[in-house]
1. Look through D143, D133 and report the one residue that is within 16 Å of K276 (Cα to Cα) and in contact (Cβ under 8 Å) with a residue 40 or more places away in the chain.
2. Between S155, S113, which is in a helix (DSSP H, G or I) and modelled with pLDDT under 90?
3. Filter the stretch 241-250 down to residues that are of a type in the set (A, V, I, L, M, F, W, C) and modelled with pLDDT under 85 and give me whichever is farthest from L149 (Cα to Cα).
4. Working only within the stretch 34-53, note down all residues that are within 15 Å of P18 (Cα to Cα), surrounded by 14 or more Cβ atoms within 10 Å (Cβ to Cβ) and not β-branched (V, I, T).
5. Could you tell me whether the stretch 212-229 includes any residue that is closer than 19 Å to N131 by Cβ, assigned to a helix (DSSP H, G or I), at pLDDT 90 or above and of a type in the set (G, A, S)?
6. Do the conditions hold for I140, that is, is it hydrophobic (A, V, I, L, M, F, W, C) and under 16 Å from W110 (Cα atoms)?
7. Got a number for residues in the stretch 47-100 being hydrophobic (A, V, I, L, M, F, W, C), farther than 16 Å from A275 by Cα, assigned to a loop (DSSP other than H, G, I, E, B) and out of contact with any strand residue (DSSP E or B) (no Cβ under 9 Å at 6 or more places or on another chain)?
8. Taking the condition of being of a type in the set (S, T, N, Q) and on the phi > 0 side of the Ramachandran plot, how many residues in the stretch 164-217 meet it?
Amino acid sequence: MNKLLDKIENFDDFPTLPTIYYKLVDALSNTSTTIKDLSNLVSTDIALSFKLLKIVNSSIYGLSTKVNSIDKAIFHLGFRELKNIILSTKIIEVFSDINSNSKFDLVEFWKHSIAVGTISRIIAQELGQKNLDEYLLSGITHDIGKLVLIKILGSEYNVVFILMEKENISLLEAEQKILGITHQEIGLKLAESWNLDKNILNVIRYHNDGLIGSNYDQLVGVVHISNILAKLLNLGHSGCDRISQPNQLLWRRLDITRFDKNIIYDRIETDYEQAKEILIIN
């Protein structure tokens, strides 16, 4: 058996999300939960409270008045958005112990993922979507399988990058050749263990294709396009220099070229810089 695959398949120490996230999920499942209840819960985590206030006061939300309390932040965000933002921040924290090396830089990885999330959110807003933070979360989590593989294999994962460069093949092809499993598959396994929403699972599994089989899914499609745009704009580094062509069916369906390019790029630059500053752990 492939020794690296054996190592992956025998790994049973998947990262777990912090207790506060599951307490939040439990609270949100209770129809009698109030903003004050959630505020009291969030306030037990000082660092999270600080980040939440910075996020809600950033250009990403564009509020006309400054928000100074967790209660008001939750009021402006809504319960679902609160959950997605907290999940985004905690996922980044969970993987903070991964060491960078000559082939992989953790900070650059998160810069790329945050860029994908930011661009996805902006495109979703232009498309008239309401659940914008689901797009942000999807972008941030789309490549978490890479982090799982690096957590398991450490620098041994570098052979995947080396083969990808040597044979000029995709990362997925290199992973399949060397490991017998891809970061999409292992990322899906982790996300399932965290009981993430099905929409997020679909993004992790299908973002490279842009479609679910032959079926259109707007969230998957937007993350697919945003991943390519983030690479073209050189925002962070996912560990892979290869830039794929967008799925043409998807490109025509979303018709992103109808948006004002200058406005979109200005928003990407502003929102990305703020999100990066707030979310990344240095």
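The values are calculated or read from the model by the stated rules, or taken from the named source; none is laboratory data. Keep in mind that this is a model prediction, so the values were computed, not measured. Cβ sites come from the backbone with ideal geometry, for glycine too, and all protein chains shown count toward neighbours.
1. Exactly one residue qualifies, and that residue is D133.
2. Checking each option against the conditions leaves just S155.
3. L249
4. L41, S43, D45, L48, S49
5. The answer is yes, given that some residue of the stretch 212-229 is closer than 19 Å to N131 by Cβ, assigned to a helix (DSSP H, G or I), at pLDDT 90 or above and of a type in the set (G, A, S).
6. It is true that I140 is hydrophobic (A, V, I, L, M, F, W, C) and under 16 Å from W110 (Cα atoms).
7. Here the count works out to 2.
8. Total meeting the criteria: 2.
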